[in-house]
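These notes concern the structure reproduced below.
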Amino acid sequence: MTTSPVKPPELRDFYENPAVPVASGSPRSRRQARMLAEALAPGREAGTGATGRTRTILDIGCGDGTAAATAAPYLPGHRIVGIDWSQDALRRARTRIPYAVRGELTDGGLPFLTGSADAVLFSEVIEHLVDPDAALDEIRRVLRPGGHLMLSTPNLAAWYNRGLLLAGVQPVFSEVSLRGIHGRPGREVVGHLRLYTARALREFVAASGFEVVRLAGAPFHGVPRPLRPLDRLACARPPLASILLLHARRT
C-alpha cells in the first residue's frame, strides 16, 4: 500500500504515480478481516458485554480502498476509516469506502486523538517504510490500551524464496531499484524497502510495545497458477507462507 513518512521527492513522486499498484490480493484481506472479527466478537474482550459496541477501525495505508471494502462485510456495525498519504490513492478509495482521510506515519501525523482507535489494519505497508519504528510508535499512540493491530507483510523466508536464494536468485518481494526489476521473478516495481521473516516480525512488533497474539499465513496472488496449491498449503506453516498475518495488542 502507499502510506509513507519518507521525505525524498523521488519516493513521493513514485507513490503518487497512478501506475504504482495500491491494492493487494483479496485472500489476504479476507483472512485478516476474519482474524479481526474474531478478536472483536462480543464477549471476547473484558468490559464489552454481550452485545459489543461500534468500534473505530483505521485502515492505515488503505491504498485504493479495496482491502477495506473487502473487510467491511466481516465487520458489520463497525466504523472503518481509510488513511493514506497519496492523494491519488485517496481519490480512488473514496469510491469504495465511506471515510478516507489523509495522514502520515510521523509524530502526530495521523489525524486522530491518542487512544481513540479500537483497531488498526496495517496491510502491506511496513515493507515500504524508511522508518518503521516511528510508524509503530504512531500506531501505538492512536490505539487504545488493549487495541488490536492487524499487520500483514510479505515473508522474506517464503517457501519459494528459500529455493531462489539457494540458486543465487534475488528473492521475490525484494527490490534493488525503483526503476525496474533486476535479478528476481516478477514485472512490477512496488517500492519495497524492508522485508521480514516471521521471527523478525514478531520480535520487532513486541519491541515496539505490543503483545503478539497470533501469527498466521496467507497466499500471494502473484504465485504462478500451477504452484498455488503449494502456496495455500504453506499457509499452515506461517514461517513458510507467502504473506505473514500478525495480530498484536497494544500493551
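The values are calculated or read from the model by the stated rules, or taken from the named source; none is laboratory data. Values in this document were obtained by computation on a predicted structure and should not be read as measured data. Virtual Cβ from ideal backbone geometry, glycine too; neighbours counted across all protein chains shown. Note: areas computed on protein heavy atoms with side chains; ligands, DNA, RNA excluded. Shrake-Rupley method; radii C 1.70, N 1.55, O 1.52, S 1.80 Å.
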*Filter result (touching a Lys or Arg at 6+ places or on another chain (Cβ under 9 Å), open to solvent by less than 20 Å² (accessible area, probe 1.4 Å) and in a strand (DSSP E or B)) within the range 81-119*: 82, 83, 84, 100, 117, 118, 119
*Scan the range 141-165 residue by residue and report those that are crowded, with 22+ Cβ neighbours inside 10 Å and touching an Asp or Glu at 6+ places or on another chain (Cβ under 9 Å).*
143, 147, 148, 152, 153, 154, 158
*Go through (1) at pLDDT 95 or above; (2) open to solvent by 10 Å² or more (accessible area, probe 1.4 Å) and name the single condition residue 124 misses.*
(1)
*Tell me, yes or no, whether the range 52-75 has at least one residue that is assigned to a loop (DSSP other than H, G, I, E, B), at pLDDT below 80 and open to solvent by 50 Å² or more (accessible area, probe 1.4 Å).*
no
*Considering each residue of the range 185-204, count those that are at pLDDT 95 or above, over 18 Å from residue 131 (Cα atoms) and of a type in the set (Lys, Arg), and give that number.*
1
*Does the range 225-244 contain any residue that is modelled with pLDDT under 95, buried (at least 19 other Cβ atoms within 10 Å of the Cβ) and more than 18 Å from residue 135 (Cα to Cα)?*
no
*May I ask you to verify whether residue 144 is over 25 Å from residue 251 (Cα atoms), in contact with a strand residue (DSSP E or B) (Cβ under 7 Å, 6 or more places away or on another chain) and charged (D, E, K, R)?*
no
*From (1) more than 17 Å from the chain's Cα centre (by Cα); (2) open to solvent by 10 Å² or more (accessible area, probe 1.4 Å), pick out the condition that doesn't hold for residue 130.*
(1)
_Which numbered condition residue 18 misses (of (1) modelled with pLDDT under 65; (2) in contact with a Ser or Thr (Cβ under 7 Å, 6 or more places away or on another chain))_ = (2)
*Looking only at the range 166-205, and only at residues there that are within 16 Å of the chain's Cα centre (by Cα) and open to solvent by 60 Å² or more (accessible area, probe 1.4 Å), the one that is farthest from residue 248 (Cα to Cα)*: 193
